[in-house]
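Structure record follows, encoded as structure tokens.
The values are calculated or read from the model by the stated rules, or taken from the named source; none is laboratory data. Computed from a prediction, not measured in an experiment: that's the story for all the values here. Note that we place each Cβ from the backbone using ideal geometry, even for glycine, and neighbour counts take in every protein chain shown. All accessible areas refer to the heavy atoms of the entire protein, side chains included, with ligands and DNA or RNA removed. Shrake-Rupley method; radii C 1.70, N 1.55, O 1.52, S 1.80 Å.
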Amino acid sequence: MLAAVTAAEAGADVTVLERNPYAGKKLRITGKGRCNVTNNCSPREVVEATTSNPKFLFGAVNRFGPSDVMAFFESAGVPLKTERGRRVFPASDRATDIRDAMVERMREAAVKVKYNVRVTGIEESEGTWTVRAVSNGERRTIGADRVILATGGVSYPATGSTGDGHRMLAKLGVRVTELKPSLVPIVTKEDFSPLSGLTLKNVRLTATHAADMVYAEMGEMMFTHFGVTGPLVLSASANMQRHAPEDYRLSVDLKPALSPEELDRRLASDFAKYAARDMVNASADLMPKSLIPFVLAQAGVDPREKAGSLTKEERAAIGGALSGFRITPVDFRPIEEAIITSGGADVREIDPRTMEVKAHPGLYVIGELLDVNAYTGGFNLQIAFSTAHAAGVAAAERMKN
Ligand SMILES: Cc1cc2nc3c(=O)[nH]c(=O)nc-3n(C[C@H](O)[C@H](O)[C@H](O)COP(=O)(O)OP(=O)(O)OC[C@H]3O[C@@H](n4cnc5c(N)ncnc54)[C@H](O)[C@@H]3O)c2cc1C
């Protein structure tokens, strides 16, 4: 939609083909229905938050960055607000306001939008393109001087992003890197179902591969019937892409504000105070009740042991389990449940200034279809907007030549 508006405002005659009966089906569910539309940060910080191929994004995000995205929506009549972590949302908390503004901007720019048209293939011949599509069961072909492919990733396929664009690119000989789930909940070896729904706030999650620390951040996470999820876990998953998920280890510091000595003093004082109680009851001031059996199990302490009879070694083991609560990943949840698809059109085949496929002049690839993705925080939509803007400008420019 942004590529269409940009190209049309630059003078191109633009038609959008959308397989759904309405625009922005995924956009409507972003940010839990509130749409975290960008991050109120500098272009450099967007690049820093990009986990795959950040350098590719540099030029595009410098030319159309977060402040441009914010100006675009504010000038379209959508007041915005910035929340914790500089996440930008519509002031109304309604993702549909963002979607509606884009549809309105397309209308103002005289973009023709055709719904219920599923593109099935694109072919090039002597500098022009034939777009093959199916609409209401009928085959159609549409001629175009330029084609901007913006079919998204393969996550949440019910929104329309089912990988058609990847298949079209592969058919044209454009390399597509392996598609994997990213920003995705993690399935664990441990059965955390008794903790399902428990949210941990202000904890520190660390992900390691062998001796390498690949992620460490403070924030919020949640236990579920299959394992763990929440902002920290989703972000960690974006850094667990190089190897199989089971090759990583996760560890949670439940008491990141306390040094090991402070934590031990705190444990000693609690256990002295509740000396006559079972460990399972003596630990209630230290952590959520449902977590106690898990921490004690990791520490190798019998929950029925009296707090007063705890040895120094056992206390140290509890301290260790609290500051390094172990979680063993066995898999990611399926790609269908991932916020983002990692992998996509190989950026080495794309001109980073224009998003044009080097081997196919006149064909542009943007958004999640590219092998460029980032953390949560509005960065993925920003990537879509920056690359869309670059392609919109370039495609319209080429039309003039
Ligand atoms: C639950 C969820 C929440 C998210 N929240 C946020 C958030 O708050 N902030 C953020 O920055 N990112 C968020 N994301 C990620 C963000 O939504 C995507 O990165 C972004 O939508 C990608 O934009 P896109 O235009 O490339 O693809 P999409 O938004 O997936 O759009 C692709 C469009 O192409 C259409 N299409 C596909 N194939 C065809 C075809 N063959 N013919 C015609 N049309 C076709 C689809 O119907 C769809 O409308 C979220 C993702 C999910 C799943």
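Structure values in brief
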{"read-out": "Full-extension gain in nm, ARG266 to ALA216, via 0.36 nm per residue minus C-alpha separation", "value": "15.6 nm"}
{"read-out": "Along the chain, longest interval not containing exposed trypsin sites (Lys or Arg not before Pro), exposed being DSSP loop plus at most 13 other Cβ atoms within 10 Å", "value": "1-174"}
{"read-out": "Loop-resident sites, the range 1-55, for GluC sites (Glu not before Pro), counting at most 11 other Cβ within 10 Å (DSSP)", "value": "none"}
{"read-out": "Cα-based shape type of the range 251-299, given that a ≥ b ≥ c are square roots of the gyration tensor eigenvalues and the cut on a/c is 1.5", "value": "oblate"}
{"read-out": "About the Cα centre, charge dipole magnitude for the chain (Lys/Arg +1, Asp/Glu -1 at Cβ), debye", "value": "520 debye"}
{"read-out": "Degrees, to the nearest 10: 66-75 long Cα axis against longest axis of the chain", "value": "60 degrees"}
{"read-out": "With all protein chains modelled, accessible area of HIS166 [1.4 Å, Å²]", "value": "10 Å²"}
{"read-out": "Pairwise centroid distance, computed over Cα atoms, of the range 323-338 with the range 285-305, Å", "value": "22 Å"}
{"read-out": "Rule-of-thumb Rg ratio for the chain [Cα; 2.2 N^0.38 Å; N residues]", "value": "1.17"}
{"read-out": "Low-density loop positions, GluC sites (Glu not before Pro), the range 193-282 - DSSP coil, at most 11 other Cβ in 10 Å", "value": "none"}
{"read-out": "On Cα atoms only, tilt of 260-273 relative to the major axis of the chain in degrees", "value": "50 degrees"}
{"read-out": "Using alpha-carbon coordinates, inclination of helix 379-400 to the longest axis of the chain, degrees", "value": "10 degrees"}
{"read-out": "Of all accessible heavy-atom area on the chain, the percent that carbon and sulfur account for (1.4 Å)", "value": "50 percent"}
{"read-out": "Solvent exposure ordering (accessible area, 1.4 Å, most first) of MET218, MET70", "value": "MET218, MET70"}
{"read-out": "Residue (of LEU370, ALA91, LEU195) at the positive-pole extreme of the chain, dipole from beta-carbon charges", "value": "ALA91"}
{"read-out": "Heavy atoms of TYR115 accessible to a 1.4 Å probe, total area in Å² rounded to 10", "value": "70 Å²"}
{"read-out": "Charge dipole magnitude, Cβ of K and R +1, D and E -1 - the range 185-332, Cα centre, debye nearest 20", "value": "340 debye"}
{"read-out": "The range 123-152-the range 1-37 distance, computed between alpha-carbon centres (Å)", "value": "18 Å"}
{"read-out": "Accessible area in square angstrom per residue, the range 287-391, 1.4 angstrom probe", "value": "36 Å²"}
{"read-out": "Spatially proximal lysines relative to LYS273 (Cα-Cα < 29 Å; intrachain offsets below 8 disregarded)", "value": "LYS201, LYS255, LYS289, LYS306, LYS312"}
{"read-out": "The range 106-187 - accessible surface per residue (Å², probe 1.4 Å)", "value": "52 Å²"}
{"read-out": "Spherically averaged projected area of the range 185-332 from its Cα convex hull (nm²)", "value": "8.1 nm²"}
{"read-out": "Diffusion coefficient, µm² s⁻¹, Stokes-Einstein with Kirkwood Rh over alpha-carbon pairs of the range 46-136 at 20 °C and 1.002 mPa s", "value": "129 µm²/s"}
{"read-out": "Environment charge of VAL14, counting only residues whose C-beta is closer than 10 Å and scoring Lys/Arg +1, Asp/Glu -1", "value": "0"}
